[in-house]
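Contents: one structure, followed by commentary.
The values are calculated or read from the model by the stated rules, or taken from the named source; none is laboratory data. None of these values were measured; they are calculated from a predicted model. Neighbour counts are summed over all protein chains in view; Cβ atoms, including those assigned to glycine, are modelled from backbone coordinates with ideal geometry.
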Amino acid sequence: MKNTISERVADFLKNFPPFNNLEENQLQKLSYEVSIIYKENNSIIFTENETPHEHFYVVHKGAIALAKKETTSVLDICDEGDIFGLRPLMAKENYKLEAKAHEETILYAIPIKEFKPIALENKQVGDFLIESFASNTRNPYSLKHSGKLYGISNNVDTSPESKLLDLQPVRYSTNLVTCAENTKIKVVANTMTINNVGCILVIKENLPVGIITDKDIRNKIFTGLVPITGTAKEVMTSPVITYPKELTITQAQMAMMKSNISHLCLTEDGTPETPAVGILSKQDVMVAIGNNPAVLMRAIKICASTKRLRSIRHGVMNLLRGYLDENIPIRLISKIISELNDATIKQVIKIVIKNMDAEPPVRFAWLTMGSQGRSEQLLNTDQDNAILFEDVPKKKQKETTDYFLKLGAIITKELNTIGYEYCPAEMMASNPLWCHSLSEWKEVTTHWISNPGPDEVLLSSIFFDYNVTYGDKKLASELSKHIFESVEKHPLFLTHLASGALQNPSPSGFFRDFLVEQDGAHKDFFDLKLRALMPLIDAARVLILSHSVKSINNTAERYEKLAELEPQNKEFYLACSYASKALLKFRTIQGLLHNDSGRFIALEKLNKEEKIKLKRTFKTIKEVQDLLQIRFQIKNILG
Amino acid sequence: MKLFQKKKQTDLPAFWKDYSNQFINKLPVNINENEFVIFDTETTGFSFDKDRILSIGAVKLINKNILVKKSFEVYISQTHYDSNSAEIHGILKKGNKECITEIEALEQFLTYIKNHVLVGHHVLFDIAMVNEALKRNGLPKLKNKTLDTGLLYKRTLLTTAVLQKKEQYSLDDLAEKFNISKKDRHTALGDAYITVIAFLAILDKLKPKSLVDLIKKQKPPKFGL
């Protein structure tokens, strides 16, 4: 039995073990019995000690976090194609972990009743299960182990904080760069450069016979030991030290220390007598440990697929969590995380451009707006971006715009893949309204500044925080120059911008109590972004624009600059700077805690100290709004 | 009027009476207790009187759960046939799919949908096509409540002047927004699948309090303070 949907399910499953070992008709039959389940973010699939369901699960789309109940640290993330919740069904025991949707997720639930006979009948499937249960890896056949099989493991009683490095298999590069013994050294060096690797494997009859690293080239060629015209055989280190592919992080570290080498060659069975399946570098090990921004940065920069970037971003989130736990100053944290975010976006753009049919026809800049533009984006939130490209002759205008719109569409889609939600207001480079040439942008911004209605003020307040993430900085600074000149010509614009900044609803009521949302999906929640962060951000923008200060986008830094420019208000501005940092930190912690954007806060979940901290910032918000009222004479235009 | 209908009821086939009797039961208030039937039709064209339904595909959604084997897919043998639209849908008049007659398809469809809410993308078109088919076979119109993912999707968008909304959003637009693979696009069941995933994502965004609330949300929001 089959139908269009079951065929679709089968088509997906056949790419992943153990389903790839099923006979065509077995797979069809199994797919027909599947239920497709939709799980919204943070909804629970099963919880600790729950009796096993009738199904086990395969992630079709999204991600599932497996964790010990009541802890915030996630033990493992199951991605597309990963199986979880199978062992308790086979062993007829209760679930050992809680499985929770880490984002919006679609699951295929496969009934154990239908699967078990197949597992017993099909030897390969049976072997897969036995091996995965025994080795505790989720997928022992895969060349890329991505974590332990926590969902079906029973020895997770060790402290989750240790991250179980001694048990976690490492992810290594399967993209082998190789050469033959008689390859010329120059060719070897070129191959290494093109592939951006620090080591190349020398292969003879499919077996690894030697390895050449950067160090070999330095020690043997530059010292004159081997002439530059020599061959790979002369420089390689031989024999190769090989290891089996089922290596854990700790084992890999030990192996490298023991032999004092930076690369391990992994082969089918761990001996040099079988073909190599991968190379593991010190870098790979460091990424797996994931507690070092420099390592993550390099991982991002050499990453060739957006899919892989997505998992690196999980590492970035772990880093962020660690920083907050250790109470590192938020300013430093936002610097580091923003750098990593920036690098990620840059890398996405690089990958996309490389895969485009043609190079960009003219110079362009990728502008990120909103929180990312202000370096205040710590969590994955919406993407707000725009494209600015060089002016072209009129007859080329359409063709050029089309190219950049297409580029924008692909980039925003890839950004979505790695976890940046689409902007609900379509403020993205894929939208013709946000993809312009320099002179078009000048026109648009002039229009906003000279006709400051509510929409124009809103648009400017979003756009004017732009920051160049990729491409030509000169184009952007020309645009900035134009904006400052226009603002000077139309001083009334600032008044309107200031009044826009006062439109945000107030955080507290008459009795200094929190004002919560009256209805909608977030009824009775406190809107931290709208009621507390936005007033501070908006005010900083107006004030800094009125001083014609370019290139400071970060709100806290803007207030610090203001403190410098207006010494008479120094203390007040420093209080504003402090408040914006405190609120950002507050939002980030809340967001990490609840795996969302941290925007809406359930007040009853806060403790007294947190509430007091929040309220303290409200006083500052009130004061900065009063300052805007007086300085820009808002009453005149409102009245 | 009522008398007239009653009189006519007696002439109607048993499957219609079974279908009609389902509506004695009230629909549950809670969204998750409701069964939704997400469906799509492929037709020979857009004319209600000239064109015919080529196939109907549908899935049932119960508590955010879709059972693959409970999906519905029929192909209808054709008398009227327009070569233009067959190209879009890839269903040929004498394709290799097993075809049944229109009345058989309608009987199966009514038995499948019962009194559940019908969900579709621009659902009124599909409803109208089915109603025309019912009329041709001497049967009254469908009685089910309907939900249009096209209208509901618009409600998930921001109500701000900054965003220029399109008049209509196609199923392709939705598939792109929600990252749904467009495989099997333009087969009835394939489109029904895309629609159900989009519907689930929309529900997550709108968070309706009840079924009535969800049906109401199809209308544009009232402005005011």
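Check A:Glu610 against each of (1) modelled with pLDDT of 85 or more; (2) touching a helix residue (DSSP H, G or I) at 6+ places or on another chain (Cβ under 9 Å); (3) under 21 Å from A:Asp524 (Cβ atoms) and name the one condition it does not meet.
Going through (1) modelled with pLDDT of 85 or more; (2) touching a helix residue (DSSP H, G or I) at 6+ places or on another chain (Cβ under 9 Å); (3) under 21 Å from A:Asp524 (Cβ atoms) one by one, A:Glu610 breaks only (1).
Among the residues of segment A:311-368, count how many are at positive phi and assigned to a helix (DSSP H, G or I).
0
Considering only residues that are surrounded by 16 or more Cβ atoms within 10 Å (Cβ to Cβ) and over 26 Å from A:Asn41 (Cβ atoms), which ones fall in segment A:582-612?
A:Ala582
Working only within segment B:189-225, note down all residues that are in a loop (DSSP other than H, G, I, E, B), free of Cβ contacts under 8 Å to residues at least 40 places away in the same chain and closer than 25 Å to A:Asn41 by Cα.
Scanning segment B:189-225 gives B:Lys207, B:Lys209.
For segment A:185-287, give me every one of the helices (runs of 4 or more DSSP H) that falls completely inside it and has 1 or more residues that are touching a residue at least 60 places away in the same chain (Cβ under 8 Å), out of contact with any helix residue (DSSP H, G or I) (no Cβ under 9 Å at 6 or more places or on another chain) and closer than 27 Å to A:Ala304 by Cα.
A:249-259
Among helices (runs of 4 or more DSSP H) lying entirely in segment A:434-545, which contain 3 or more residues that are out of contact with any helix residue (DSSP H, G or I) (no Cβ under 6 Å at 6 or more places or on another chain)?
A:438-450, A:454-463, A:473-489
Take A:Tyr57 and tell me if it is out of contact with any Phe, Trp or Tyr (no Cβ under 8 Å at 6 or more places or on another chain), within 14 Å of another protein chain (Cβ to nearest Cβ), under 26 Å from B:Leu203 (Cα atoms) and not in a loop (DSSP other than H, G, I, E, B).
Spelling it out, it is not the case that A:Tyr57 is out of contact with any Phe, Trp or Tyr (no Cβ under 8 Å at 6 or more places or on another chain), within 14 Å of another protein chain (Cβ to nearest Cβ), under 26 Å from B:Leu203 (Cα atoms) and not in a loop (DSSP other than H, G, I, E, B).
With in a helix (DSSP H, G or I), of a type in the set (A, V, I, L, M), touching a residue at least 24 places away in the same chain (Cβ under 8 Å) and within 14 Å of chain B (Cβ to nearest Cβ) as the only criterion, which of A:Leu30, A:Leu89 stands out?
A:Leu30
Would you confirm whether any residue within segment A:395-411 is over 26 Å from B:Lys165 (Cβ atoms) and free of Cβ contacts under 8 Å to residues at least 24 places away in the same chain?
Yes - at least one qualifying residue is present in segment A:395-411.
Pick from B:Asn84, B:Asn25: which is at pLDDT 85 or above, more than 14 Å from chain A (Cβ to nearest Cβ) and surrounded by fewer than 11 Cβ atoms within 10 Å (Cβ to Cβ)?
None of the other options fit; the residue is B:Asn25.
Tell me, yes or no, whether segment A:46-53 has at least one residue that is within 10 Å of another protein chain (Cβ to nearest Cβ) and crowded, with 20+ Cβ neighbours inside 10 Å.
Looking through segment A:46-53, none of the residues is within 10 Å of another protein chain (Cβ to nearest Cβ) and crowded, with 20+ Cβ neighbours inside 10 Å.
Scanning for something under 19 Å from A:Lys39 (Cβ atoms), more than 15 Å from the chain's Cα centre (by Cα) and either at pLDDT 80 or above or within 12 Å of another protein chain (Cβ to nearest Cβ) (or both), does segment B:151-169 turn up at least one residue?
The answer is yes; a qualifying residue exists.
I'd like the residue in segment A:415-427 that is more than 11 Å from chain B (Cβ to nearest Cβ) and buried (at least 21 other Cβ atoms within 10 Å of the Cβ) and, out of all such residues, is modelled with the highest pLDDT.
A:Leu415
Quick test of your reading of the structure: A:Glu181 fulfils all but one of (1) at pLDDT 85 or above; (2) out of contact with any Ser or Thr (no Cβ under 7 Å at 6 or more places or on another chain); (3) surrounded by 15 or more Cβ atoms within 10 Å (Cβ to Cβ); (4) not small (Gly, Ala, Ser). Name the failing condition by number.
(2)
Exactly one condition in (1) within 12 Å of chain A (Cβ to nearest Cβ); (2) in contact (Cβ under 8 Å) with a residue 40 or more places away in the chain; (3) within 21 Å of B:Ile62 (Cα to Cα); (4) not small (Gly, Ala, Ser) is false for B:His186; which is it?
(3)
Please state which one of A:Thr306, A:Thr250 is surrounded by 18 or more Cβ atoms within 10 Å (Cβ to Cβ) and among the polar types (S, T, N, Q).
When all the criteria are applied, what remains is A:Thr306.
Among A:Ala63, A:Ala67, which is the only one that is touching a Cys at 6+ places or on another chain (Cβ under 9 Å) and either aromatic (Phe, Trp, Tyr) or outside the structural domain of A:His314 (by TED's automatic domain parsing) (or both)?
Matching residue, one of A:Ala63, A:Ala67: A:Ala63.
Mind listing just one residue for me: the one in segment A:33-42 that is more than 7 Å from chain B (Cβ to nearest Cβ) and modelled with pLDDT under 90 and, of those, surrounded by the fewest Cβ atoms within 10 Å (Cβ to Cβ)?
Among residues in segment A:33-42 that are more than 7 Å from chain B (Cβ to nearest Cβ) and modelled with pLDDT under 90, the one surrounded by the fewest Cβ atoms within 10 Å (Cβ to Cβ) is A:Asn42.
Among the residues of segment A:55-73, count how many are surrounded by fewer than 21 Cβ atoms within 10 Å (Cβ to Cβ) and modelled with pLDDT under 85.
Residues that pass the stated criteria total 6.
Mind checking whether some residue in segment B:129-147 is in a helix (DSSP H, G or I), over 29 Å from A:Ile418 (Cβ atoms) and within 14 Å of another protein chain (Cβ to nearest Cβ)?
So far as segment B:129-147 goes, no, none of its residues is in a helix (DSSP H, G or I), over 29 Å from A:Ile418 (Cβ atoms) and within 14 Å of another protein chain (Cβ to nearest Cβ).
Restricting the search to segment A:557-581, which residues are of a type in the set (A, V, I, L, M, F, W, C) and surrounded by fewer than 24 Cβ atoms within 10 Å (Cβ to Cβ)?
Those that are of a type in the set (A, V, I, L, M, F, W, C) and surrounded by fewer than 24 Cβ atoms within 10 Å (Cβ to Cβ): A:Ala563, A:Leu565, A:Phe572, A:Leu574, A:Ala575.
Would you confirm whether or not segment A:1-11 contains a residue that is in a loop (DSSP other than H, G, I, E, B), among the basic types (Lys, Arg) and more than 12 Å from every other protein chain (Cβ to nearest Cβ)?
Looking through segment A:1-11, none of the residues is in a loop (DSSP other than H, G, I, E, B), among the basic types (Lys, Arg) and more than 12 Å from every other protein chain (Cβ to nearest Cβ).
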